[in-house]
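Read the structure below first, then the notes.
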Amino acid sequence: MAVKMKTVFFCQNCGYESSKWMGQCPSCREWNTLVEETVRPESKTAGTRSSGARAVTTEPQSLSSITMEEEERADTHIEELNRVLGGGLVRGSLTLVGGDPGIGKSTLLLQVARNMAADGRKMLYISGEESLRQIKIRANRIGSFTDNLKFLCETNLGTIEEVIRHTAPEIVVIDSIQTMYNEEVSSAPGSVSQVRESTSVLLRIAKSMNISIFIVGHVTKEGTVAGPRVLEHMVDTVLYFEGDRHASYRILRGVKNRFGSTNEIGVFEMREEGLAEVKNPSEFMLDGRPVDASGSVVTCSVEGTRPILIEIQALVCRSNFGFPRRQANGADFNRVNLLMAVLEKRIGLQMSDCDAYVNLAGGMRLAEPALDLGICLAIISSFKNRPIDPQVVAFGEVGLSGEVRSVSMTENRVMEAGKLGFTTCILPKVYESRLKNIEGMRIIGVRSVQDAMQIFS
């Protein structure tokens, strides 16, 4: 007897299942996230088998009975990637790499596979989007490869699981999860149920066989991985590639990491031979900085454990329309509007009839509060059309009363500025006495934005 198909609705955000369409998901309260899919209901025999399998139980253990070995991490030979992963690749981990099309996800993982295969590790690269000839064209551009790296073009998860169990590789790359399908799920590849079930199978393989698996995931126009939100909860590590695909620089950011910090970033440059590491991101972020131009100031942000100097640019001009424009590239739009309101209220800058544009040079996207003082100084500089000394670095959080509050890792920020030749640092007043003995650096402590304006006097 043929199994009757049924139609269900899945929430793309949380995976909630419903028999009918609803405008709002009852679980996550998001609107217009339910999509229709056709599924095959489980047979009674399958349920019987599964219930029998669940009859086998294991005894719970206490912490004292659990043996621990020193965590083994595999070196990818890409320092920027090792930093984001927390020191290297952990065995048995499931890592999701997301990003826009053409950003360099496949290229990076192919380079990782090449480097680790050269160490004698058995690698398996599985592609569901490219043929073997297409992969070889890209591989010839990157460099030479050893025979420890095997390639497979397949989308059927059943076949992939058999190949993995037969070849027993140490590391597997899946490119991409949206092309994989499980025969037990009747919906199309890339659907919510297929992505969820496929990831579940790969997670079981990684944990049971102690294999490290990389998963490539495409992103939506909102910048999140296509498919259910539960996908990010299932994996151990989530990495996002950021940046303009037409620009040369790429930023790899750790969004989730069970084995290390979630705030680390890695900076890469796209070249003809593949992705190259950028050892000193501050240097390339400040490259091409204008001289004696108003609205430009250098600030210091900390991503994970790494301080990065970045140029903040602001342009304030009279509006030709009744409603002035506001635009922020790389910075939080709402935060920029808040800081402009603070400047108008506490300092008296009349910008209600002015267009304002704020840009973080280099294509970076930062939301750290330490950027507040730099944004304020850049806006003031552009409004008054008075340039700031190019040897000045400013950072600090600005409150609603115009006060400048303390930030973390202040000494590291100042030392990074000194390495790149900056001579003056404007920072919160509380750190002035602690850091006044740093050689070659003039420390100016400010209590409020009003105090910081003294540099324009």
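If you scan segment 137-155, which residues turn out to be on the phi > 0 side of the Ramachandran plot and surrounded by 15 or more Cβ atoms within 10 Å (Cβ to Cβ)? Reasoning before the result, please.
The initial filter retains those residues of segment 137-155 that are on the phi > 0 side of the Ramachandran plot, namely 143.
Once the filter is applied, which keeps residues that are on the phi > 0 side of the Ramachandran plot and surrounded by 15 or more Cβ atoms within 10 Å (Cβ to Cβ), segment 137-155 yields nothing.
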task = Looking at (1) in contact (Cβ under 8 Å) with a residue 40 or more places away in the chain; (2) part of a strand (DSSP E or B), find the lone condition where Val255 falls short.
result = (1)
query = So which pairs qualify, if the first residue must be in segment 394-405 and of a type in the set (D, E, K, R), the second must be not in a strand (DSSP E or B), the Cβ gap must be under 7 Å, and the two must be at least 6 apart or on different chains?
reply = Glu397/Pro369; Glu397/Ala370; Glu397/Asp372; Glu397/Val407; Glu403/Arg447; Arg405/Gly396; Arg405/Gly399
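Would you check if there is a residue in segment 50-58 being at pLDDT below 80, surrounded by 10 or more Cβ atoms within 10 Å (Cβ to Cβ), among the small types (Gly, Ala, Ser) and on the phi < 0 side of the Ramachandran plot? Please lay out each step first, then the result.
Applying the first criterion (at pLDDT below 80) to segment 50-58 yields 50-58.
From the residues that got through so far, the ones that are surrounded by 10 or more Cβ atoms within 10 Å (Cβ to Cβ) too are 50.
Next, only the ones that are among the small types (Gly, Ala, Ser) stay: 50.
Restricting the remaining residues to those that are on the phi < 0 side of the Ramachandran plot gives 50.
So far as segment 50-58 goes, yes, one or more of its residues are at pLDDT below 80, surrounded by 10 or more Cβ atoms within 10 Å (Cβ to Cβ), among the small types (Gly, Ala, Ser) and on the phi < 0 side of the Ramachandran plot.
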task = Pairs only if they're at least six apart or on different chains, beta carbon under 9 angstrom, first in segment 131-152 and without any contact (Cβ under 8 Å) to a residue 40 or more places away in the chain, second of a type in the set (Gly, Ala, Ser) and exposed (fewer than 12 other Cβ atoms within 10 Å of the Cβ); list them, first residue then second.
result = Thr146/Gly120; Asn148/Gly120
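Within the group Phe395, Phe422, which residue is of a type in the set (Phe, Trp, Tyr), farther than 22 Å from Ala341 by Cβ and in contact with a Pro (Cβ under 9 Å, 6 or more places away or on another chain)? Break it down stepwise before answering.
Working: Phe395 fails: farther than 22 Å from Ala341 by Cβ.
Just one listed residue meets the conditions, Phe422.
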task = Check Leu400 against each of (1) at pLDDT 90 or above; (2) surrounded by 17 or more Cβ atoms within 10 Å (Cβ to Cβ); (3) touching a helix residue (DSSP H, G or I) at 6+ places or on another chain (Cβ under 7 Å) and name the one condition it does not meet.
result = (2)
task = For Arg413, state whether it is touching a strand residue (DSSP E or B) at 6+ places or on another chain (Cβ under 7 Å) and either farther than 22 Å from Leu339 by Cα or of a type outside the set (A, V, I, L, M) (or both).
result = yes
ask   = So, of the residues in segment 347-366 that are touching a residue at least 40 places away in the same chain (Cβ under 8 Å) and not in a strand (DSSP E or B), which turns out to be surrounded by the fewest Cβ atoms within 10 Å (Cβ to Cβ)?
value = Arg365
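Please indicate, with yes or no, whether at least one residue in segment 435-445 is surrounded by fewer than 17 Cβ atoms within 10 Å (Cβ to Cβ), touching a helix residue (DSSP H, G or I) at 6+ places or on another chain (Cβ under 9 Å) and closer than 27 Å to Glu344 by Cβ.
Step one: of segment 435-445, the residues surrounded by fewer than 17 Cβ atoms within 10 Å (Cβ to Cβ) are 436-440, 442, 444.
Those still in the list that are touching a helix residue (DSSP H, G or I) at 6+ places or on another chain (Cβ under 9 Å) too: 438-440, 444.
Subsequent filtering for residues that are closer than 27 Å to Glu344 by Cβ retains 444.
Within segment 435-445 (the criterion being surrounded by fewer than 17 Cβ atoms within 10 Å (Cβ to Cβ), touching a helix residue (DSSP H, G or I) at 6+ places or on another chain (Cβ under 9 Å) and closer than 27 Å to Glu344 by Cβ), the answer is yes, since at least one residue qualifies.
A quick yes/no check of all residues on (1) within 27 Å of the chain's Cα centre (by Cα); (2) at pLDDT below 90:
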| residue | (1), (2) |
| --- | --- |
| Asp353 | no, yes |
| Val358 | yes, no |
| Ala361 | yes, yes |
| Ala367 | yes, yes |
| Leu371 | yes, no |
| Ile375 | yes, no |
| Ser381 | no, no |
query = Going through segment 177-211 one residue at a time, which ones are within 20 Å of the chain's Cα centre (by Cα) and surrounded by fewer than 24 Cβ atoms within 10 Å (Cβ to Cβ)?
reply = Gln178
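The values are calculated or read from the model by the stated rules, or taken from the named source; none is laboratory data. If you're wondering where the values come from, they're calculated on a predicted model, not measured in any experiment. Note that we place each Cβ from the backbone using ideal geometry, even for glycine, and neighbour counts take in every protein chain shown.
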